[in-house]
Each structure stands twice: as structure tokens, then as C-alpha cells.
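Written below as C-alpha cells is the structure these notes are about.
Only the coordinates and a few stated rules stand behind these numbers; no lab work does. What you see is a predicted model, and the numbers here were worked out from it, not measured in a lab. Here the Cβ positions follow ideal geometry from the backbone for every residue, glycine too, while neighbour counts run over all protein chains shown.
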Amino acid sequence: MKSSEPARLLILAASEYQLPVIEQARQMGYYIVTIDNVPTNPGHALANQHYIVSTTDQEAILSIARRERIDGILAACTDVAVPTAAYVGRQLNLPAPAEECARVLCDKINFRRFLHEHDLPVPAFHSIETAAEVIPLLTEGCSYLIKPAQASGSKGIIIIRSDTFTDQLFTEAQQQSIDGRVLVEEMLPGKQGTAEGFMTGGKLSAFFVFDRTTAPAPHVATWGHTIPATLSAQAEVDLKRQLLICFQRLNYTDGPFDCDFVSRSNGVALIEVTPRMGGNSITRFLQYAYDFPIARYSVLQAVGEQVKFDEPVLHQPTAVVILGVMERGQLEYDTTEYEKLTAEPWLRYLQLDRQIGDTVAPFINGRYRVGEAILTGATPDQLRQNISRFTQRLALRAMPTPQPKRL
């Protein structure tokens, strides 16, 4: 990093989920460059310079990185940008995941093969190229998942059975996949969880685990997280063991990580592991729950600064709830209760991305969220009660769009 001027940090993506990282870097006095192909994404307005470019366009971003003389590059809260960060990092000798690490961990098919090769729990899986290949793979009465090989925010992922699969579901998964490849895998029963943490010097220097709430079947979008998790101590040990195997084999020694897993009676199975900060407002969630500034640590690591952690302490049971609706229409909610809710001591944070009357879509992937909230409770039971009160009082819903009157 150049000592005579502020560090120059390139942040890939500029959506709501990258805002805590961008805001943190601003507070630290860094010169910020954002890259995102959505001109209206809010992170662009906070940057010193921004470019409307896809985060997957590696050569274009390398050219921008050279032009901007960046000291660090960070792909926060999005899988599809991690290979770009790895590529630019190697070209410019900047801290970033190795390209092989990104190639394996940010591709669902590659990751399944990696798990199999290293004798880690993995569901039966198949890489498919056409819709006609799917039905012969499905056993009647069993559940499977169809997924894009490379995508983010649960886009294109859906639970299928032999009697519910359609060619259209394959087409949607293929369209969401960056390279068109599609995965079909057995759905593992069990309790959903997420782990978040930080690697330093090849060790798990920070580690957090929480329960994960997902959309009703057949969808799988993340709807929230809760701390403390219900994962057993033995299962947590197994989870850490499997993560360290992944990181050691792929030479990921320093930086943040995010992981979704399934906890079963016979152990833990990894669903996804990525060398980046988690999405779904986990950054803000950890700040409120533990005073753990993972955004700050990630920014420091990205520009080559030493990272030293304060010991995290859970203040009280905490949940992040990602807000959405399950119908298409015009957004509505109880404005009187909204004002009252903001005064409740157990509602720590509330943000709505959309306004009353805006057209909204069913919340079946991260693209269609309409806001987020962070809540606390003195006990896990009280936290669950507060989440229920919050949901009922806000009364978030989509009303049918009025049809034009016929003349």
C-alpha cells in the first residue's frame, strides 16, 4: 500500500449487501472504486469513482484496476465476483483468494467433485446439459435440487420431484448460470445452518455459527439467521474440521469465509463454502450481535494490512430477518405500526428498500427482497416472540395491481 496517499480499494458489486463494506472503507479514509452493472445500485453513490461493468468481466476489470492503481480488491457478499477478484489479485500481486480456490468454491459442480475427491459428505449429484437428462435421475417420492453451476442469491435454485419437474425449471436454472451448466443433486434432510468467520495464517481465527431460515418449499432463498445456533458442540467440531480441510487443500489462508450447511443425525454436510463475506446482511448482523466488525477486518486484509481481532462476545440472542412477500403486486404495510416498531428496544435496525405502491415480486431469491430487520431478545424464546410480533405488526404484503378500466 502506498504510504503517501489513501489506500485505493476496488469493491466488486454495489448493492445493499455491499453497503456496510463501502461505508466502512469510507470511514477508514480509503479511496473507493465500485464496479457493478446496475447503475442504480446504492453503493455507486458512496464511491469516489464507479464503473457500470459486470463483475464477471475479468479483463475489463483488470484494465480498470490498473488505471485506478488499486491497492486492494474485494468481492464482498457475492459468489460470482470472487473469481474476478482472484484473477485481478494474481495479475497485480494483491491479497485475494487463489484462482484455483475460487474456481472450486464458487462453482457448485466443481465443489461437489472436490468434496467427493476428499472423502467429505456430499449428496448424489449430476452435471447435466439438457432437460431430457433430468427425469431418469429422479426416484419417485424423493426430493432433489436443480441449481445453476455459477450464480448467487439462490437464483435459479428450486426443489424438484419426479412429478413436479418441468423443462422450464431446467431452462431457468440454465439461464441463471454464468456458463450455462446445471447441477441436479439429492436433497439432504436436516437443519439448515450458516457459518461465518475469518482465516488468518491458515487458522480459523474467528468463527460464528447460526441457524438459517429459508423460503417455503420448493424455494430455498435465505430469509434470515438466528444466534445462538442450535448446532451441537460435536457437530460444530465436525463443521470446523471439514472447513479446514477445504481451506488447506485450496491454500486459502487469510480472509473472510461464508458457509451454508445441513446438520443431520450422522453429522454435518457442506452445501456451499465461499472465500468471501456472507450476504443476507450477515455483516450488519455480526456487528449488532457481537460487535464484530467483519467489514473492517476484510477491508484491512484486502489492502495487505495486519488484522488483529478483539474477542467477540454475544450480547443477547439476535436475528436478522430479510423482508419480502410471496405474491406479485404493489407493496403495502402498516405505516402506523412501522413508526411504533422503530421505537421498540428489541428492534435494533429496520430498512425498507422499496416504498408503498412499488411493484414487488415473490421473494424466491435475493434479488426480490424488500428490506431487512435486526431484532434481539433476552432469551431465544423471547427472540422468536419478537420476530412473530414484528411480522404481524408490520403486515408486509403485496396487493393486486389495479387493472385499467375498459372504456
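Worth a mention:
- Working note: Cα atoms of the chain, range along each principal axis, descending, whole Å: 65, 55, 53.
- Dipole of the range 44-168, positive end: most advanced residue of ALA65, PRO148, VAL134 [Cβ charges, Cα centre]: ALA65
- Convex hull volume per residue in cubic angstrom - Cα atoms of the range 289-345: 158
- Summarising the amide proton neighbourhood of ALA221: residues at separation of 5 or more, or on other chains, whose placed amide H is nearer than 5 Å comprise ALA215.
- When each of the peptides 182-192, 332-342 is scored by the mean number of other C-beta atoms lying within 10 Å of its residues, the order from highest to lowest reads 182-192, 332-342.
- Around PRO312: net Lys/Arg minus Asp/Glu count, Cβ-Cβ under 12 Å: -4
- Chymotrypsin sites (Phe, Trp or Tyr not before Pro) restricted to the range 275-332 and DSSP loop, no more than 13 other C-beta within 10 Å: PHE309
- Taking the range 9-104 and dividing mean pair separation by its residue count, relative contact order in percent (alpha carbons under 8 Å, at least six apart): 27
- The range 251-407 shape via C-alpha gyration tensor axes, a/c threshold 1.5: prolate
- Taking θ as phi - 60° and the Karplus parameters 6.51, -1.76 and 1.60, the scalar couplings of the range 354-371 work out to 10, 9, 4, x, 5, 6, 10, 10, x, 7, 10, 7, x, 5, 9, 5, 10, x Hz in sequence order, x denoting glycine and proline.
- Unit charges on C-beta of K, R, D, E only; dipole of the chain, Debye: 420
- Computed on the range 192-232, with alpha-carbon pairs under 8 angstrom and 6+ residues apart, the relative contact order is 34 percent.
- Packing, taken as the mean count of other beta carbons within 10 Å per residue, orders the peptides 77-86, 255-264 from highest to lowest as 77-86, 255-264.
- In the chain, lysine pairs with alpha-carbon atoms under 24 angstrom apart (chain gap of 8 or more, or interchain): 12
- Using the Karplus relation 6.51 cos²θ - 1.76 cosθ + 1.60 with θ = phi - 60°, the per-residue 3J(HN,Hα) values for the range 225-232 come to 9, 9, 10, x, 6, 9, 5, 5 Hz, with x marking Gly and Pro.
- Between ARG348 and ILE374, LEU375, THR376, the built amide H atoms are under 5 Å apart, and every one of these is 5 or more places off in sequence or on another chain.
- Total charge dipole magnitude, the range 231-286, about the Cα centre, Cβ charges on Lys, Arg, Asp, Glu only, Debye to nearest 20: 40
- Based on Cα contacts under 8 Å between residues 6+ apart, the chain shows a relative contact order of 13 percent.
- Listed residues THR222, LEU250, ASN266: farthest to the positive end of the dipole of the range 171-273 (Cβ charges): ASN266
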